[in-house]
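Note sheet for the following structure.
The values are calculated or read from the model by the stated rules, or taken from the named source; none is laboratory data. All values derive from a computational prediction rather than experimental measurement. A quick note on method: Cβ atoms are made from the backbone with ideal geometry, for glycine too, and the neighbour counts reach across all protein chains shown. With ligands, DNA and RNA removed, areas are computed over all heavy atoms of the protein, side chains included. Shrake-Rupley method; radii C 1.70, N 1.55, O 1.52, S 1.80 Å.
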Amino acid sequence: MRPAGLVAAAAVTALAAAGGITYAVAEDGGAPAHAPAPAAAASASAVPVPAADSADAGFARDMAVHHQQAVEMSYIVRDRTRDTEVRRLAYDIAQTQANQRGMLLGWLDLWELPKVSAEPPMTWMGMGDAAAGKDGALMPGMATNAQLKKLGRLSGRQAEIYYLQLMTAHHKGGLHMAQGCVARCTVAAEKRLAQSMVDGQQSELRLMAGMLKERGATPGS
């Protein structure tokens, strides 16, 4: 295994290659990746790289996949409505989750761990049997291929409502995973990222509930 301290020097390059990331905190001490403080670097060097079957690696792999679908749905609805509020939300979700996805994939690169696993998704949470992978929905909250196609056929208010409903379910599934990392992950920077996902997605869930109410709909109808 490689010491985590070695990740600091390569963090910016690897993370940018993985997902167009403009910044990242890669070491345990919390200093910017391009200018680690000596004390932080020394502290990080004592932290081992996570194992391939660890919660840290499992969360990075699974959430990268989960996030990718949220980005896809957000780009679909952007072209299906002219509503400023929905388009702004879709843009924010796409940018935030693409950025976070790049960080997760970048960490896997820096840890020299595979981006795919032979184990079912969410095995790291003890939930390897929870996702059937039916019609492309690999993890809880993920939309099926049929649902994505339907979103692409709708327009206007119908597209807005369906997107908000799909993204509400998607956020709830992602929120559960992020909370799992907060409880189980050992890399401090990754735990902080997971907590930021919890905070951000809880806020967006409240926002989407209000947007659905304004449109005469509920998350499940």
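Can you pull the accessible area of residue 203 for me, 1.4 Å probe, Å² to the nearest 10?
Surface open to solvent at residue 203 totals about 60 Å².
For region 87-131, what is the accessible area per residue in Å² when the probe is 1.4 Å?
Normalised by residue count, the accessible surface of region 87-131 is 48 Å².
Over the heavy atoms of residue 218, what accessible area does a 1.4 Å probe trace out, to the nearest 10 Å²?
Its accessible surface works out to 70 Å², give or take rounding.
Just order 60-70, 117-127 by mean Cβ neighbour count inside 10 Å, highest at the front, would you?
Ranked by mean Cβ neighbours within 10 Å, highest first: 60-70, 117-127.
Using a Cα-Cα cut-off of under 19 Å, which aspartates and glutamates could be cross-linked to residue 213, ignoring same-chain neighbours fewer than 8 residues away?
83, 85, 160, 204
Kindly provide the trypsin sites (Lys or Arg not before Pro) of region 74-128 that DSSP labels as loop, not H, G, I, E or B, and whose Cβ sees at most 14 other Cβ atoms within 10 Å. Intermediate values should be presented prior to the final figure.
On the way: sites: 78, 80, 82, 87, 88, 101, 115; in loops: 80, 82, 115.
Passing sites in region 74-128 are 82, 115.
Can you tell me which lysines have their Cα less than 18 Å from the Cα of residue 150? Leave out same-chain residues fewer than eight positions away.
Those lysines meeting the cut-off are 134.
Can you give the FRET efficiency for residue 199 and residue 79, using 1/(1 + (r/R0)^6), R0 = 30 Å, r = Cβ-Cβ distance, to the nearest 0.05?
Values: r = 29 Å, r/R0 = 0.97.
For residue 199 and residue 79, the calculated efficiency is 0.55.
Before I look further, what does region 153-204 give for accessible area per residue, probe 1.4 Å, in whole square angstrom?
40 Å²
If you roll a 1.4 Å probe over region 72-221 with all protein chains in place, what percent of the accessible area is carbon or sulfur? Could the numbers behind the result be given before it?
On the way: 3740 of 7330 Å².
Result for region 72-221: 51 percent of the exposed heavy-atom area is carbon or sulfur.
Limiting things to C-alpha atoms, what are the Rg and the maximum Cα-Cα separation (Dmax) for region 88-221, in angstroms?
In order Rg, Dmax, the Cα atoms of region 88-221 give 15.9, 49 Å.
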